[in-house]
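Undergrad: A single structure is presented below for examination.
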Amino acid sequence: MATPGSPALETNAAHDAAKALRLPIAWLVALAAFIAFWLYAEPVARAAFDYPKAYTVPLAKWISSAMKWLIDDASFGLFSFTDLTRFVSAVLDVPYRLASSLLSTGFLEGSGSSAIQIVPPLPWVAVIGLVMLLGHWLGGMRLGLLAGGCFLFLAVFGQWTSAMITLASILVAAPLGVVFGLLFGIAAWRWRWIERLITPPLDLMQTIPVFAYLVPVLFLFGFGPTAAVIATLIFATPPMTRIAILALRAVPGEIIDLGHMVGCTDRQMTWRVMVPAARESLMVGMNQVIMLSLNMVIIASMIGAGGLGFDVLAALRRLDFGAGLEAGFAIVALAIAMDRLSQAAAEKLSAPASDPATSGLFARHPYLIAALALAIMTTLLGYVVPGIHTYPEAWQLSTGTFWSEVVAWININFFDTLEAIKNAMLLNVLIPFKRFLGDLPWFGVAALLSFAGCRLGGLRLAALASGLALFIAATGQWEKAMITVYLCGISAVLAALIGLPIGIFAATRDRVWSWVQVAIDTLQTLPSFVYLMPAVMLFRVGDFTAMIAVVAFAVAPAIRYTALGIRKVDPRLIEAGRAMGCTEWQILTRIRLKLALPEILLGLNQTIMFALSMLVITALVGTRDLGQEVYIALTKADTGRGLVAGLSIAAIAIIADRLISAGAIHARRRLGLE
Amino acid sequence: MTSPEAKLVCRNVWKLFGPGAAGFLADHDGHPDAAAIAEAGLVGAVREVDLDVNEGEIFVIMGLSGSGKSTLVRLMSRLIEPSGGDVLFKGENLLKASQARMIEIRRHQMGMVFQHFALLPHLTVLDNVAFPLDIQGMGRAARQARAREMIELVGLAGKESAFPRQLSGGQQQRVGIARSLAVEPEIWFLDEPFSALDPLIRREMQDEFMRLQTVLHKTIVFITHDFDEAIRLADRIAIMKDGEIVQAGTPEEIVLTPATSYVAEFTRNVARAKVIRAQSLMLPANGADPAGPTVSARANIAQAAPLFLDGVAHLGVTDDTGRIIGRLDRDAVVKLMLQG
């Protein structure tokens, strides 16, 4: 391969090239060793390429039998494990029943088809009115109209029933998530050992894909809305815990001193000083919990949550684009309403409340009185005028057929173009990259990861990265993991290629940035499910479709972090650059991008994390990776298989996250920012 | 050494940061030297502090950042647990007090003002001032009445329903002062109370503080990094460096006889006339004209000097009861003032 010539000259040239590229020699050597190993070692060391079957750790089986034992035999003396899970279900069932009775089914006597409705659910007019009142109270007229409009949309487009089921789950899961998260956070703040105990699971839970939670929950709690609420709780509580710990930590030391100086007991310290002083940050956590709950409730339709998520899922299964898009839009409407309402609530509730100047029940609680009056009056009126109670079907608009026609029209007119784009991408980029990754020796990859970990963060990081890679190989997940890496990698690169220029462009233009910000904020509030429908519509199922959905989902953090990083660059440095006579291009490349590098790396990290979490969901559109593995495990209720695949995804996420974070710290040090 | 009226006494108080600090102190009989501390990998934040704060005096602890002054004031109130030594408050050893007893003492006998005010952002001025009383369990009407009194005292009447973020820095610190006084503390800790304020406001707040003290006669421990502030306010000053007290005494003693070159650095630019009091410069009273102009023994020379403008050769110096106890000669005053 190499052209004949003096070897000394060649190494010299390589050395210069390395210098020019600013790549330390060590990296080049490691890479060269890796390539040599890959090309020539296969006949000698088969085991390094295909992990030997005989040594595969049957972790999935172990987990499954452990679960089986847990369900069948585990006992705490007085009661068995199954009793415990049944008890939890029963307890959570009470508030869920209440919420769903209120919003969708009405209060029933008896069960099954013979049930008789005693009190009907809240009329749609009442719910919209209540939402508008809430919006008005929290954020004024505009918010009231926006929230009311979003809910009206649900009614007009025939999504009311499903949306109310979804809402009922959130109304139970979100408050509980906030309360549990806060309590865990307080406990971790107060007792170090609890913090030490819960930090590793918290870290892991952030990276395990959402599907993977569903499998054990399904196994332990069965199929149904209560199980979905539990899965949602498990999903939404850790971020709240994390935020609560951070918020309590951020309370100034002087405030704590004050608490001690006025003689607070421990309880007074927590509830009278710490929690109120941290409440602004805690409210941000509340918003997050609500949005995460929405996301999870939609996904949990797979274990029987019902509602809008189920509509999307069903539509996906029978490829009914119209119905799927409609349900998708309804999710968007619900998401926007809940996001804006909870943000306004955060602002309103963290601002100090002023003393009520007026007295008297009516004057002090105008909104509460109005809400009660509205609910009672519309319910009574509903008996007389059915249209007030249930949105009249005659007024419903269905865009389902319209959208189906749009899709048909697109397919008739642009089929060839779309197909050409898809095939070109598949043939020239996706498939070759997939093959390339599939061919790599697992041992070599693990060694390379270990080297990277060592260079960027030291021995511990090296051990972590190679250990996790070994875990993937040893549990027999290597091939599927490589497909995950390939799809995630390509999507992340594409998302970065789109996101970086937009971020750079928007960063220095305030008007553009304010618009871009609204756009990416909205994109990020949408549950990941929503992204699937348009992609499937245009490109049908397959890797390419998955990639499009993942890119659409993962582009937001790439834009956000790039723009924020560039905007954070000290303006005095820009001024100094200008004073030295830099052109705009030089300012961008030599100052802004350079100093924003750590921030951009973090954005890249987030992009990869987003891509991974979305990738799992794209199993629904027929990928062949670890996500599919989890999905199959879910449909077969095979806990071991699902958890092992889920943990493998978590392992990939952790490797990427730790390496890139270490790289970002490295870059910050080099730039003298730390 | 302990004067009978000492309210708060520190005996060989230590704070070492690092693992095994308490055991290390015990191993060295409570008096390790700097080399041993460094060798053990510990950091000596407060070292071997002995001091006593007398009833009704303003005791200023002055030091630059990192000198351990803020740590020391927190050791006195046991916000930070000392590594060794004794802190006696009205004869009771605080370090032996139970948690319940500490809560009791802090609720009723201690007050503290913080550098960054430490106001609770979600409470109004009124509720902030009433907060310590609320924590004690006092009823709403009683605590609000008391809080209004305090707000009046610090000159913030009319601001009761404002929130901290709506106030200026000076006003916020007035709230902090009102809050710390609401429980009628027997000892009042002020941790750099005016450092976060603009110079003009700082001056105003110092005057306000002195006015309050003439009314309240509290026993005060006042922390500052500003030597001029210390001179202006203190009855006695302790100067800290690297966790140790390098000199303690009245402002006059410190200015006239700085113990080390480090202290001398601070005193160099201080106008002597503003520190030295008439009683330090006065001669025996023989020959003083009882009918002539007089000056209080506590007044400093800068305050006494204008009285010589009438052409008198000397002033009578009176004690608190108005009795003449000495005379102040014009020549001595002129000489001192010319020295700067």
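Undergrad: Go through the stretch B:168-183 and count every residue that is within 12 Å of chain A (Cβ to nearest Cβ) and not in a helix (DSSP H, G or I).
TA: Of the residues in the stretch B:168-183, 2 are within 12 Å of chain A (Cβ to nearest Cβ) and not in a helix (DSSP H, G or I).
Undergrad: Among all residue pairs at least 6 apart or on different chains, which show Cβ distances below 6 Å where the first residue, located in the stretch A:372-386, is closer than 14 Å to A:Ile128 by Cβ and among the β-branched types (Val, Ile, Thr) and the second is assigned to a helix (DSSP H, G or I) and at pLDDT 80 or above?
TA: A:Thr378/A:Val125; A:Thr378/A:Ala126
Undergrad: What are the residues in the stretch B:129-142 that are under 16 Å from B:Gly111 (Cα atoms) and touching an Asp or Glu at 6+ places or on another chain (Cβ under 9 Å), if any?
TA: Within the stretch B:129-142, B:Val129, B:Asp134 qualify.
Undergrad: Within the stretch A:524-537, track down each residue that is assigned to a helix (DSSP H, G or I), surrounded by 18 or more Cβ atoms within 10 Å (Cβ to Cβ) and not aromatic (Phe, Trp, Tyr).
TA: A:Thr525, A:Ser528, A:Val530, A:Leu532, A:Met533, A:Pro534, A:Ala535, A:Val536, A:Met537
Undergrad: State which residue is farthest from the chain's Cα centre (by Cα) when the search covers only the stretch A:128-157 and only residues that are without any contact (Cβ under 8 Å) to a residue 24 or more places away in the chain and over 13 Å from A:Ala345 (Cα atoms).
TA: Among them, the one singled out is A:Met141.
Undergrad: Let me ask another. When you look at A:Ile574, is it assigned to a helix (DSSP H, G or I), in contact with a Ser or Thr (Cβ under 9 Å, 6 or more places away or on another chain) and β-branched (Val, Ile, Thr), yes or no?
TA: No; evaluated as a whole, the condition is false for this residue.
Undergrad: Can you name every residue in the stretch B:263-302 that is of a type in the set (A, V, I, L, M), in contact (Cβ under 8 Å) with a residue 40 or more places away in the chain, closer than 25 Å to B:Gln247 by Cβ and surrounded by fewer than 18 Cβ atoms within 10 Å (Cβ to Cβ)?
TA: Matches in the stretch B:263-302: B:Val270, B:Ala271.
Undergrad: Inspect all residues belonging to the stretch B:72-93 and state whether any of them is of a type in the set (Ser, Thr, Tyr) and within 21 Å of B:Ala21 (Cα to Cα).
TA: For the stretch B:72-93, residues of a type in the set (Ser, Thr, Tyr) and within 21 Å of B:Ala21 (Cα to Cα): present.
Undergrad: Shifting gears a bit: Pull out all pairs, ordered by first then second residue, where Cβ-Cβ is under 9 Å, the residues are six or more apart or on different chains, the first lies in the stretch B:1-29 and is closer than 29 Å to B:Trp188 by Cβ and charged (D, E, K, R), and the second is at pLDDT 90 or above and part of a helix (DSSP H, G or I).
TA: What qualifies is B:Lys15/B:Thr71; B:Lys15/B:Leu72; B:Lys15/B:Arg74; B:Lys15/B:Leu75.
Undergrad: Just one of (1) more than 19 Å from B:Ile301 (Cβ to Cβ); (2) modelled with pLDDT of 90 or more; (3) of a type in the set (Gly, Ala, Ser) trips up B:Ala230, so point out which.
TA: Single failed check for B:Ala230: (1).
Per-residue answers, yes or no, for (1) closer than 20 Å to B:Ala271 by Cα; (2) of a type in the set (S, T, N, Q); (3) surrounded by fewer than 18 Cβ atoms within 10 Å (Cβ to Cβ); (4) in contact (Cβ under 8 Å) with a residue 40 or more places away in the chain:
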residue: B:Ala304; (1), (2), (3), (4): yes, no, no, no
residue: B:Val312; (1), (2), (3), (4): no, no, yes, no
residue: B:Thr321; (1), (2), (3), (4): no, yes, yes, no
residue: B:Asp329; (1), (2), (3), (4): yes, no, yes, yes
residue: B:Val333; (1), (2), (3), (4): yes, no, no, yes
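Undergrad: Right, here's the next one. Could you say which residue among A:Leu593, A:Leu643, A:Leu597, A:Leu588 is surrounded by 21 or more Cβ atoms within 10 Å (Cβ to Cβ) and in contact (Cβ under 8 Å) with a residue 24 or more places away in the chain?
TA: Being surrounded by 21 or more Cβ atoms within 10 Å (Cβ to Cβ) and in contact (Cβ under 8 Å) with a residue 24 or more places away in the chain holds for just one of A:Leu593, A:Leu643, A:Leu597, A:Leu588, which is A:Leu643.
Undergrad: Scanning the stretch A:20-67 for residues that are aromatic (Phe, Trp, Tyr) and not in a helix (DSSP H, G or I), which turns out surrounded by the fewest Cβ atoms within 10 Å (Cβ to Cβ)?
TA: A:Phe49
Undergrad: Looking only at the stretch A:464-474, decide whether some residue is of a type in the set (Gly, Ala, Ser), surrounded by fewer than 20 Cβ atoms within 10 Å (Cβ to Cβ) and under 21 Å from A:Asn605 (Cβ atoms).
TA: Yes.
Undergrad: How about the stretch A:278-289: which of its residues are surrounded by 23 or more Cβ atoms within 10 Å (Cβ to Cβ) and within 11 Å of chain B (Cβ to nearest Cβ)?
TA: A:Ala278
Undergrad: Another question, then. Within the group A:Thr161, A:Thr232, A:Thr166, A:Thr265, which residue is hydroxyl-bearing (Ser, Thr, Tyr), closer than 24 Å to A:Val312 by Cβ and either surrounded by fewer than 23 Cβ atoms within 10 Å (Cβ to Cβ) or touching a His at 6+ places or on another chain (Cβ under 9 Å) (or both)?
TA: Checking each option against the conditions leaves just A:Thr161.
Undergrad: Would you kindly identify the helices (runs of 4 or more DSSP H) lying entirely within the stretch A:360-443 that contain at least 1 residues that are surrounded by 13 or more Cβ atoms within 10 Å (Cβ to Cβ)?
TA: Output list reads A:366-384, A:386-389, A:400-425, A:431-439.
Undergrad: Just checking, how many residues over the stretch A:242-257 are within 14 Å of chain B (Cβ to nearest Cβ) and assigned to a helix (DSSP H, G or I)?
TA: 6
The values are calculated or read from the model by the stated rules, or taken from the named source; none is laboratory data. Predicted model, so just to flag it, every value in this text is computed and none were measured. For neighbour counting, all protein chains shown are included, and Cβ atoms are generated from backbone atoms with ideal geometry for every residue, glycine included.
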